[in-house]
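Only one structure is covered here, and it is reproduced in the block below.
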Amino acid sequence: MHRGVREFIRWVEAHRDDAEIQLNPPATTSDIAALEQMLGGPIPADLRFVLTRFNGGVLPAGELLPAGIEPGTIGHTVREYAEAVGGDFLDTELLLPFHKTPEGSLLAFDRSAGPVSDTWPVVDYYQDLDEHRLMYRTFDGWCRVCVAEWTSDDFGADFTLETYLRSGQRHAEVEPDVATAHATVAHALKRSGRPADSLAAYLQAARCVPPLPWCDWEALKIAAILDDEASAREAATRLASYAPAARWAQRETSPGRVAEVLGPIVRRSGDPKPLLRLLEQLKAQADEEEGPVVEAILEALHAGKDLPPVRPLREQSVVPHVPDVDAWWEASQAAYAEGRLRDDDLLLDPDMVRLGRLRPFAELLHIRRGF
């Protein structure tokens, strides 16, 4: 049994009389045998050990599902999940849910990761979105993060930007190779008005294996606004790598949009050749609509001409142009603080691009935006 699992059990059993904790009696041998027979293989040893101490129950982190095959158990939840995704509950690579989070998602073992149950990573599955992402490298990691949360000064405190940030930092300290932890830190730092630190965290999330593909897009936008060419090059290098349409959807951007953000960085660069090669890679992946967009950017850069105007993100700018630049800037600051004006707008809205030539957009990123 791993250290985190021991600490998890020790904490839960020491607080079993707390109002927010409701533990079931230990799982019987028949409970676990019935579950494993249904699954066609053993459950992870760490989970088995926890269930033999208390067969699920309500915890501060949500509901740990009990062993068994009846409604409300792990086995029954596997069947429900299989039905929801149109799969076969006998499929030995199907996700194995074991915990319901307060947000309504399921934590589940990714059985497709390998044949040995004790090495299965833990993913977060959202049924409404029909998607899952790596959340914890191991079950032991989940246990350690839970204990870190429950023993922190933030435990039981109201949810704030500060507690959100510290929660992400605790996860990153326990599992520094999990992208989700760094993405949480990056998001919190961004809202805290700390763009350089946020950029570093987004890049770290994108370096993890597996990465969160959209983190490079977030990093590129911040780097472009901060005029951080080195960080922009790192993010753009991964974004420009060949990927099918499904991967671009996960990146939450497109070759043409990446090229539009990258173009001004190339123009300012003292060594544009590596960035020009990235634009060529983006051009090779662009569809019929975006191919000419990337081509026009390349032609302008090679000819030393003005870059073509960016394509509008929406029919009307969030903060339309007004002749009084000071008033326009104040309206933009207010819109950014309220969350109506986003980084995408700053870089890809024609009106905002005009304002960016007159006022330093980096100042906007230092505006704190709480929840």
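Computed quantities for the displayed model
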| item | result |
| --- | --- |
| Nearby lysines by direct alpha-carbon distance to residue 190 (threshold 19 angstrom, same-chain neighbours under 8 apart not counted) | 221 |
| Value at 222 nm in deg cm²/dmol, rounded to 500, when DSSP H runs of n ≥ 4 in the chain each add -39,500 (n - 2.57) | -16000 deg cm²/dmol |
| Mean shadow area of the range 3-150 over all directions, Cα convex hull, nm² | 8.0 |
| Extended-chain gain in nm, criterion 0.36 nm per residue less alpha-carbon gap, residue 22 and residue 242 | 74.2 nm |
| Computed log₁₀ I(q)/I(0) - Debye formula, equal Cα scatterers, no solvent, the range 215-308, q 0.19, 0.23 Å⁻¹ | -0.80, -1.19 |
| Kirkwood-Stokes translational diffusion coefficient of the range 152-212, alpha-carbon pairs, 20 °C, 1.002 mPa s, µm²/s | 187 |
| Partner aspartates and glutamates for residue 273 [C-alpha distance under 19 Å; skip if fewer than 8 residues away on the same chain] | 227, 228, 229, 234, 260, 295, 299, 306 |
| Residues 10, 194 arranged by fewest to most Cβ contacts within 10 Å | 10, 194 |
| Sequence-distant residues sharing a close amide H with residue 2 (under 5 Å, placed H) | none |
| Taking 253, 119 and counting other C-beta atoms within 10 Å, the order from fewest to most | 119, 253 |
| Interatomic Cα distance distribution for the range 325-364, bins of 10 angstrom, percent | 33, 65, 2 |
| q = 0.09 Å⁻¹, the chain: log10 I(q)/I(0) [Debye, one scatterer per Cα] | -0.63 |
| Sequence-separation-based contact order of the chain, relative, with Cα cut under 8 Å and 6+ spacing, percent | 10 |
| Estimated FRET transfer efficiency (residue 52, residue 209; beta-carbon r; R0 30 Å; 0.05) | 0.35 |
| Inter-centroid distance (Cα atoms) of the range 245-266 relative to the range 134-169, Å | 33 |
| Per-residue Cβ neighbour rank within 10 angstrom, fewest leading, 96, 64 | 64, 96 |
| The range 221-291 - charge dipole about Cα centre, Lys and Arg +1 at Cβ, Asp and Glu -1, debye rounded to 20 | 180 |
| Within the chain: Cβ-based charge dipole about Cα centre, in debye rounded to nearest 20 (Lys, Arg +1; Asp, Glu -1) | 920 |
| Amide H partners (placed H, <5 Å) of residue 135, local residues excluded | 122, 123, 124 |
| Calculated FRET efficiency for the pair residue 325/residue 101, C-beta based, R₀ 41 Å, to 0.05 | 0.30 |
| Using distinct alpha-carbon pairs, which all enter the 1/r mean, Kirkwood radius of the range 94-164 in Å | 13.3 |
| Rounded to whole Hz, the Karplus (6.51, -1.76, 1.60) HN-Hα couplings of the range 18-35, x for glycine and proline | 5, 4, 7, 10, 9, 9, 8, x, x, 5, 8, 4, 5, 4, 6, 4, 5, 5 |
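Readers should treat all values here as calculations from the given coordinates under stated rules, not as data from a laboratory. Values in this document were obtained by computation on a predicted structure and should not be read as measured data. Positions of Cβ are backbone-derived with ideal geometry, glycine not excepted, and every protein chain shown enters the neighbour counts.
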